[in-house]
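All remarks here apply to the structure that follows.
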Amino acid sequence: MSGSALRILIIGGYGTFGARLAQLLCDDERFCLLIGGRSLAKAAAFVSSLGGKAGKEPVEFDRNGDVYKQLSALAPAMTVDASGPFQTMGGDTYRVPKACISLGIDYADLADSREFVRGIAALDAEARAAGVFVLSGLSSLPALSFAALDRLEQDFSRIDHVSSGIAPSPHADIGPNVMRAIASYAGKPVPIFRNGISTTGLGLIEWHRVTVAAPGCIPLKSNRFRLVDAPDLDLLPQRFEGLSSVFTGVATKPQSLQRLLAATAQLVRLKLLPSLLPFAPLMYRASKLFAFGEHRGGMFVHASGSDRAGQPLEASWHLVAEGDDGPFIPVTGLEVLIGKLANGNRPADGARSAAGEFPLEAFERCFERFAIHSGTRHVRPGEVNLPLYRRLLGSAWERLPRAIAATHDTAEGGHRLSGRARVERGTGFLASIIAAAVGFPKAQDDVAVRVCFTTKGRTEFWTRDFGGAEFGGVQLEGQGRDAHLLAEDFGPFRILMAVVPDGAKLRFIIRGWRFFGIPLPLVLAPGGDIYEEERESRFHFHVEIGGPLTGLIVRYAGWLEEEVS
């Protein structure tokens, strides 16, 4: 390790988020990482498991001890507080940033405490005089949420309503300190801005239903986002003059755990319990016990108001993270900051919240190494009749190959296409009955195909003709819990699909089905490998329909091109 390596102390360095920050930085030999925590043994064990090129030292650090003495001995260039919870910090709340200022050490934290982030500005004059920066809340809320809002704001002349929320994967270990933070305000009054006035909501009780659907990937299941006491609730009314309402929420998954937390929050509201803080360890164990469902998480920011022409506008930014990648999201802002610092690009001196400190592009560059997808969606009154697939795909529409985009870029009146296909049919009894009922074509090696689809309002009517055998369907955008999914109706059945660009292909992934509106088990849903693709500038299709009870029902594949009138 070079003597010029930047010494970075990570308080909580072996915890849920501190460990992930260390993993992001450990391959950069410009850094010396001081992995700090109350247990030197745990710090040492984590350091021994951490590879990479950066220097690493396990250190004992107690945030509740003599902070000035500990920082003086370690002499970091920068301190990162990733320990939390900031909501329940006793004694001198700002003892760590104050000691950093006194010693000329730059400071940043992952605080999601509304009061902590709001109060950090009281240290501004001291930080400026010492020539250091003190940035608080460099996490999903408010740093990333404000970066997303800055992106959305470009299309607005006025923003009236803002809501945002985080939906962690049920398998993500959010850590006991995060659960303590949630428990601190569950069931208690939360100051909130609503209908243009300051009022109160109820933590973990009030909710908004949202479907997080990053353009171009499978949406998360529709979730209730329950009110949390986040810094954004203070910062947003300061940022946007005339703002009417704000909301920040968390969608704990699975829904059974969320209902349990909401029920216990009601006990606090009814004053049957003074607080859920004593139950935070139990709540944390419950989150581990209820860790089932899809290993996916996400986040959204939604704004509504008027566009530059004075017309109503809704815009939203969505993010979806797959598997274990989600918990890296809160520390990407710190990665951006530390990378800039190592390159000599320092933030301005002073103490402030990290809201708006970095643009969304900086976060997106960090996301590229992960299975993290994000994008924007816009709704204008004049665009409600945009082609169905444009509405579904949002900003991901631009990623479609030309042949696929041309096929689905339908105006009123629709398209007529023709080509050739090969058809296979299942031989099972149930498969034969279903194929005959729907009108699927018989098995043929080479058959003429004609597809006509017409658009009426927000609905597309499809007719497929295979050598004279016709079958039809109705395609439309799902609503409510099925928002951002493609719905196709075949008689009493409705199939719900995510529409996902994948290189030269557009894939259709089954996410649910209904019979006369009644949800049926997804495990029994008909499905298979369904996609469209561009090959040699021509539109090709591949549709495979089958199920665990039926086996293969039908498989047809071929090509189409627009008919010349």
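The values are calculated or read from the model by the stated rules, or taken from the named source; none is laboratory data. Only a predicted model underlies this, so the values are computations on that prediction, with no experimental measurement involved. Ideal geometry is used to build each Cβ from the backbone, glycine not excepted, and the neighbour counts take in all protein chains shown.
Name the pairs: first residue in segment 207-235 and within 29 Å of ALA121 (Cα to Cα), second residue among the charged types (D, E, K, R) and surrounded by fewer than 24 Cβ atoms within 10 Å (Cβ to Cβ), Cβ to Cβ under 6 Å, at least 6 apart or on different chains? As it stands, the answer is LEU227/GLU206; ASP234/ARG118, since those pairs meet every condition given. Taken over segment 58-88, the criterion of being of a type in the set (Ser, Thr, Tyr) and more than 21 Å from ALA19 (Cβ to Cβ) is satisfied by TYR68, SER72, THR88.
Would it be correct to say that PHE363 is surrounded by 15 or more Cβ atoms within 10 Å (Cβ to Cβ), within 22 Å of ASP155 (Cβ to Cβ) and not polar (S, T, N, Q)? Answer is yes for this residue. Among residues of segment 372-390 that are over 29 Å from GLY297 (Cβ atoms) and at pLDDT below 90, those with a beta-carbon under 8 Å from a residue that is hydroxyl-bearing (Ser, Thr, Tyr) and not in a strand (DSSP E or B) at least six positions away or on a different chain give the pairs PRO387/THR410.
Total residues in segment 116-130 satisfying the condition of being modelled with pLDDT of 95 or more and basic (Lys, Arg): the figure is 1. Of everything in segment 515-540, what is surrounded by 17 or more Cβ atoms within 10 Å (Cβ to Cβ), out of contact with any helix residue (DSSP H, G or I) (no Cβ under 6 Å at 6 or more places or on another chain) and closer than 16 Å to ARG402 by Cβ? Give them in sequence order. Hits for segment 515-540 are GLU533, HIS540. Under the condition of being assigned to a strand (DSSP E or B) and β-branched (Val, Ile, Thr), the residues counted in segment 521-565 number 4.
Pairs are defined by a Cβ separation below 7 Å, a sequence spacing of at least 6 or placement on different chains, a first member in segment 503-520 that is farther than 25 Å from GLY216 by Cβ, and a second member that is charged (D, E, K, R) and in a strand (DSSP E or B); the pairs so defined are LEU520/ARG514. Candidates are the residues of segment 265-304 that are in a helix (DSSP H, G or I) and modelled with pLDDT of 95 or more; the one that is nearest to ALA143 (Cα to Cα) is ALA265.
A count restricted to segment 128-154 and to residues that are in contact (Cβ under 8 Å) with a residue 12 or more places away in the chain, part of a helix (DSSP H, G or I) and among the hydrophobic types (A, V, I, L, M, F, W, C) stands at 9. In segment 482-499, the residues that are not assigned by TED's automatic domain parsing to the domain that holds LYS221 form Cβ pairs under 6 Å with partners that are of a type in the set (D, E, K, R) and crowded, with 19+ Cβ neighbours inside 10 Å, at six or more places apart or across chains, as follows: LEU485/ARG511; ALA487/ARG494; LEU496/ASP482; LEU496/ARG511; ALA498/ARG511. Inclusion of ASP109 among residues that are under 30 Å from ALA213 (Cα atoms), surrounded by fewer than 23 Cβ atoms within 10 Å (Cβ to Cβ) and modelled with pLDDT of 95 or more is not warranted. Taking the criterion of being free of Cβ contacts under 8 Å to residues at least 12 places away in the same chain and either crowded, with 19+ Cβ neighbours inside 10 Å or outside any loop (DSSP other than H, G, I, E, B) (or both), the only residue of segment 236-248 that qualifies is GLN238.
Within segment 175-184, being modelled with pLDDT under 85 and touching a helix residue (DSSP H, G or I) at 6+ places or on another chain (Cβ under 7 Å) holds for one residue alone: PRO176. Residues in segment 339-359 that are closer than 22 Å to SER113 by Cα and not in a loop (DSSP other than H, G, I, E, B) were compared, and the one that is farthest from the chain's Cα centre (by Cα) is GLY350. In the condition set (1) crowded, with 16+ Cβ neighbours inside 10 Å; (2) in contact with a Lys or Arg (Cβ under 6 Å, 6 or more places away or on another chain), ASP445 is compliant with all but (1). Checked against the criteria, GLY119 does not count as surrounded by 17 or more Cβ atoms within 10 Å (Cβ to Cβ) and either at positive phi or small (Gly, Ala, Ser) (or both). Restricting attention to segment 69-106, and to residues there that are small (Gly, Ala, Ser) and assigned to a loop (DSSP other than H, G, I, E, B), which single residue is surrounded by the most Cβ atoms within 10 Å (Cβ to Cβ)? Looking at residues that are small (Gly, Ala, Ser) and assigned to a loop (DSSP other than H, G, I, E, B), I get ALA82. Does segment 472-492 contain any residue that is more than 33 Å from the chain's Cα centre (by Cα), assigned to a strand (DSSP E or B) and surrounded by 15 or more Cβ atoms within 10 Å (Cβ to Cβ)? Yes, there is a match, as at least one residue in segment 472-492 is more than 33 Å from the chain's Cα centre (by Cα), assigned to a strand (DSSP E or B) and surrounded by 15 or more Cβ atoms within 10 Å (Cβ to Cβ). Residues that are of a type in the set (Gly, Ala, Ser), part of a loop (DSSP other than H, G, I, E, B) and crowded, with 20+ Cβ neighbours inside 10 Å within segment 168-208 comprise SER169, ALA172, GLY175, ALA186, GLY187, GLY203, listed in sequence order.
With respect to the conditions (1) more than 13 Å from SER83 (Cβ to Cβ); (2) crowded, with 18+ Cβ neighbours inside 10 Å; (3) in contact with a Lys or Arg (Cβ under 7 Å, 6 or more places away or on another chain), ASP27 falls short on a single one, namely (2).
Filtering segment 10-52 to residues that are more than 22 Å from ASP325 (Cα to Cα) and charged (D, E, K, R) leaves GLU29, ARG30, ARG38, LYS42.
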